[in-house]
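Visitor: Just dropping this structure here.
The values are calculated or read from the model by the stated rules, or taken from the named source; none is laboratory data. No experiment lies behind these values; they were computed from the predicted model shown. Positions of Cβ are backbone-derived with ideal geometry, glycine not excepted, and every protein chain shown enters the neighbour counts. Each accessible area value is taken on the protein alone, full model and side chains, heavy atoms only, with ligands, DNA and RNA left out. Shrake-Rupley method; radii C 1.70, N 1.55, O 1.52, S 1.80 Å.
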Amino acid sequence: MLLLHCPWCGPRDEPEFVCGGQSHMVRPEPWHAVDEATWGHYLFTRDNPKGVHLERWHHAHGCRQWFNVARHTVTHEILAIYRMDEPVPNAVAGARA
Amino acid sequence: MKRYNAWNLLWQGLTGHRGWEPAWRSPAPKPRYDVIIIGGGGHGLACAYYLAKVHGITNVAVLERGWLGGGNTGRNTTIVRSNYYYPQSAALYDFSLRLFEGLSKELNYNVMFSQRGVMNVLHTRHDMEAGQRWVGAMNLNGIDAFMLTTEQVKQRIPLLNTAKDARYPVLGGFVQPRGGTARHDAVAWGYARAASALGVDVLQNCEVTGFKRSTEGRVIGVETNLGTIGADKVGMAVAGHSTVIAKLAGFRLPVSSYALQAFVSEPLKPVMDTVMTSFATGMYFSQSDKGGLVIGGGLDHYLSYAQRGNTPLLRHVIGAVADQLPSLGRVHLLRHWAGIVDVVHDSSPILGETPMPGLYINCGWGTGGFKGIPVGGWMLAHHIATGRAHDIAAPFALSRFSSGALIDEAAASGIAH
């Protein structure tokens, strides 16, 4: 069971949340110059590290806000939780490198 | 290879069982092989066996980081079926089911394939309509499947609560009679033993840490903890670790790794002689020959490489068992674990070439890889040996994620993931 600290509601149990997958995705632009391989990757290929993953979570059965989580995919340790409009914390960026 | 048969068993019994040999050889790696297979699970071992048996390529090594069948091959719920929706999938999975039907004899190893039927239980009018649609599609694909009434479901699963006021009333079901279960470890061990007898080197505790490539970028070998091993061609069948290996080769895959849990109860007297899946709860279970109930459910829906499950999903699945089969409510669980499954967007496997020339892939089976072991091995071997995809495997190429020709079995697998 994960214990997630919602930035608005505080610590809550995992069943209140839904994981929305990879954070910080950027749509390839401009649309008329995007080839099929690039578009296919944008649609279907996601980061899948054995290590620290940056992902979005939704407090579906709470405040219904989205936020970012940096979580280790082997230990499930949560390294950082930050708001949607915040950049990746430096400590987490270092751990991913 | 000392054959397993009644005469040898009798003779060994009379002589104190001192004459058995190890099931497979454990040689030191050669400096070079014609083909290296990364991953000593069912798919990798099956590929090595069919390379040797069907294509006569015996200078082959299977590299396994841990022990044989210690990943998803030993962590699944052992169900074999081919009740898929699309013709491409039906052709693929039924090829596998037909290989399973002859596998014990083929490998001289009892894989305990038991065609006890795989039953889907339907709980609402919409489930019934969906069931009829799927059965119709399966019949058009030449797969044996038919609808069942509530009484017929109850006849096969007397434990099931089919009362009208049940939380999940049973309106009917459908069944694939040729589906069933097999012993998962035996599939891995049987392929390993048969491949080893044909000259394949099975190397355990051998982890791939990198690729050697020619100046043109073609793979010419792998780096391992046992040193560099050369190869003309390399196949990879590493399931949940596919993106990790792909990263070593310098490309990305549309694969996400999730934990899929399974549970086994204490042994019981026979109470269940088929496989049941509930559309409403995603819970499915069967009873092993040892008597344990083998229970599964949905995914933990966030990326994970931890081979253990999480409690919210355990609670959901076990709650479904207790609710739908009330007499099992007091049965104890003995074990609980997870396998790391390689989920792709359309829930269909990825078979064939990769962006690295000479490296071939078999992955993306997601939550249903065990049933695909014979066909996955067969198709990977065919592609490596002949240089082109088998007709059945061709639609499952990696290129479908840029062409858009997906084979979207996401909903049709009958399980809620």
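Visitor: Is there a residue being away from chain B (no Cβ under 12 Å) and free of Cβ contacts under 8 Å to residues at least 12 places away in the same chain anywhere in the stretch A:60-68?
Guide: The answer is yes; a qualifying residue exists.
Visitor: If a residue has to be assigned to a loop (DSSP other than H, G, I, E, B) and either in contact (Cβ under 8 Å) with a residue 40 or more places away in the chain or more than 23 Å from residue B:157 (Cβ to Cβ) (or both) to count, how many in the stretch B:304-363 make the cut?
Guide: Within the stretch B:304-363, residues that are assigned to a loop (DSSP other than H, G, I, E, B) and either in contact (Cβ under 8 Å) with a residue 40 or more places away in the chain or more than 23 Å from residue B:157 (Cβ to Cβ) (or both) number 20.
Visitor: Would you check if residue B:341 is among the β-branched types (Val, Ile, Thr), at pLDDT 95 or above and open to solvent by 20 Å² or more (accessible area, probe 1.4 Å)?
Guide: So residue B:341 does not fit the description; no.
Visitor: Residue B:61 passes all but one of (1) of a type in the set (A, V, I, L, M); (2) buried (at least 19 other Cβ atoms within 10 Å of the Cβ); (3) closer than 21 Å to residue B:349 by Cβ; which number fails?
Guide: Against the list (1) of a type in the set (A, V, I, L, M); (2) buried (at least 19 other Cβ atoms within 10 Å of the Cβ); (3) closer than 21 Å to residue B:349 by Cβ, residue B:61 comes up short only on (3).
Visitor: Please give the helices (runs of 4 or more DSSP H) falling wholly within the stretch B:111-216 in which 3 or more residues are outside the structural domain of residue B:74 (by TED's automatic domain parsing) and surrounded by fewer than 21 Cβ atoms within 10 Å (Cβ to Cβ).
Guide: The qualifying helices (runs of 4 or more DSSP H) are B:125-140, B:150-156.
Visitor: Tell me which of these residue A:46 doesn't satisfy, since it passes every other one: (1) facing another protein chain (nearest Cβ under 7 Å); (2) open to solvent by less than 40 Å² (accessible area, probe 1.4 Å); (3) closer than 14 Å to residue B:303 by Cβ; (4) of a type outside the set (Ser, Thr, Tyr).
Guide: All conditions pass for residue A:46, except number (2).
Visitor: So, one more: Could you please find all residues in the stretch A:37-58 being in contact with a helix residue (DSSP H, G or I) (Cβ under 6 Å, 6 or more places away or on another chain) and not in a strand (DSSP E or B)?
Guide: A:37, A:40, A:44, A:48, A:50
Visitor: If you don't mind, there's one more thing I want to ask. Considering every residue within the stretch A:23-30, establish whether at least one is within 8 Å of chain B (Cβ to nearest Cβ) and open to solvent by less than 60 Å² (accessible area, probe 1.4 Å).
Guide: Looking for residues that are within 8 Å of chain B (Cβ to nearest Cβ) and open to solvent by less than 60 Å² (accessible area, probe 1.4 Å), one finds none in the stretch A:23-30, hence no.
Visitor: Would you mention how many residues in the stretch A:2-46 are on the phi > 0 side of the Ramachandran plot and either in contact with a strand residue (DSSP E or B) (Cβ under 9 Å, 6 or more places away or on another chain) or at pLDDT below 95 (or both)?
Guide: So the answer is 2.
Visitor: Run residue B:407 past the list (1) open to solvent by 40 Å² or more (accessible area, probe 1.4 Å); (2) within 20 Å of residue B:93 (Cα to Cα); (3) within 14 Å of another protein chain (Cβ to nearest Cβ) and report the number of the one that doesn't hold.
Guide: If we test residue B:407 against (1) open to solvent by 40 Å² or more (accessible area, probe 1.4 Å); (2) within 20 Å of residue B:93 (Cα to Cα); (3) within 14 Å of another protein chain (Cβ to nearest Cβ), just (1) comes out false.
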